[in-house]
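The values are calculated or read from the model by the stated rules, or taken from the named source; none is laboratory data. Quick caveat, the model's predicted, so the values are computed rather than measured. Cβ coordinates were reconstructed from backbone atoms using ideal geometry, including for glycine residues, and neighbour counts include every protein chain displayed. The area values use the complete protein model at the heavy-atom level, side chains included, leaving out ligands, DNA and RNA. Shrake-Rupley method; radii C 1.70, N 1.55, O 1.52, S 1.80 Å.
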Amino acid sequence: MSIKDEFMKRAAAQGMYVYPNSPDEAEGTVCAIARDDTGRKILLVSGAGAEQFAGDCQDGLKRCPLTNENAAALMALFPYAKPASHKGHPFTI
């Protein structure tokens, strides 16, 4: 079983709804946006790099609030998530 499959199994066992296409893996760490049983959106993290994120660990998954600090940790792990300038265009997203 892959690390991503194990992550999804743990999330389901904890009653989390993981948004489709959200889970991604890098450097032995899996991250995904999920909705907990109260309907609140959170960042779920598991694996080697989980210590870089602020949150509470429960049964192998770290539940992290959607904060600037956690966004920075996410962008460090997944460089494609960083905002990028598109020269020649008046607006970039």
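Here the accessible area of the range 38-77 is 51 percent carbon and sulfur, with a 1.4 angstrom probe and all protein chains present. Around the Cα centre of the chain, unit charges on the Cβ atoms of Lys, Arg, Asp and Glu (plus for the first two, minus for the last two) sum to a dipole of about 340 debye.
For the range 1-85, the relative contact order is 20 percent, taking Cα pairs closer than 8 Å that sit 6 or more residues apart in sequence and dividing their mean separation by the residue count.
Label zone (Ala72, point 7 Å along Cα-to-C-beta; backbone nitrogen cut-off 12 Å) within the range 1-41: none. The residues of the chain have, on average, 65 Å² of accessible surface per residue, using a 1.4 Å probe with all protein chains present.
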